[in-house]
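A quick write-up on the structure given underneath.
The values are calculated or read from the model by the stated rules, or taken from the named source; none is laboratory data. In this text, all values refer to a predicted model and were calculated from it rather than measured experimentally. Every residue, glycine among them, receives a Cβ derived from its backbone with ideal geometry; neighbour counts consider all protein chains shown.
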């Protein structure tokens, strides 16, 4: 899947892409990231990694994800699923109020540009997340150790405040498509089932 994504964007890091290519890449990248998180959970559970006491600090910071800005350094892969938001009804405030006057002095309304599939759009954030995915996939034991350290910190926080954030969020995984026929959809389904089994019924 990573090789296919690299081929889709032209084989390497690019600054811009046609809109239709970026949309197609996001449709594969999001479920691929969720599948990799579950694969890291699987490796961490079956490896029996023990965290040294020095790493069990009550660090309340949430594990950093992939930076969205530009930069030459490959960001760390986000080990935790993005949290679900329940404080919004999905509506957004757009610009200024649409006020009309009846005296003939309406301000001219600028013409809206129509997006087309061939528009060139920024691909920096997409490429950075793809780089992070590729690097994490190349060293799963290291990512499993990262996860074990964060899990130890979360256990300390839970002992103090009672709050706990698991790497796999409840419900369906990010990027899930129940009827998706792309190979990445099947990969995500299998990784999700195995990760849940190991979390609830450890070996």
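So the values come out like this:
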quantity: Residue within segment 70-77 that is under 26 Å from residue 144 (Cα atoms) and at pLDDT below 60 present; calculated: yes
quantity: Members of segment 150-167 that are in contact with a helix residue (DSSP H, G or I) (Cβ under 7 Å, 6 or more places away or on another chain) and surrounded by 18 or more Cβ atoms within 10 Å (Cβ to Cβ); calculated: 152, 167
quantity: Residue within segment 47-59 that is over 30 Å from residue 123 (Cβ atoms) and at pLDDT 85 or above present; calculated: yes
quantity: Residues of segment 171-184 satisfying the condition of being on the phi < 0 side of the Ramachandran plot and either surrounded by 15 or more Cβ atoms within 10 Å (Cβ to Cβ) or touching a residue at least 60 places away in the same chain (Cβ under 8 Å) (or both); calculated: 173, 174, 176, 177, 180, 182, 183, 184
quantity: Selection status of residue 80, part of a loop (DSSP other than H, G, I, E, B), at pLDDT 60 or above and surrounded by 10 or more Cβ atoms within 10 Å (Cβ to Cβ); calculated: yes
quantity: Only listed residue being over 26 Å from residue 20 (Cα atoms) and modelled with pLDDT under 80, chosen from 136, 107; calculated: 107
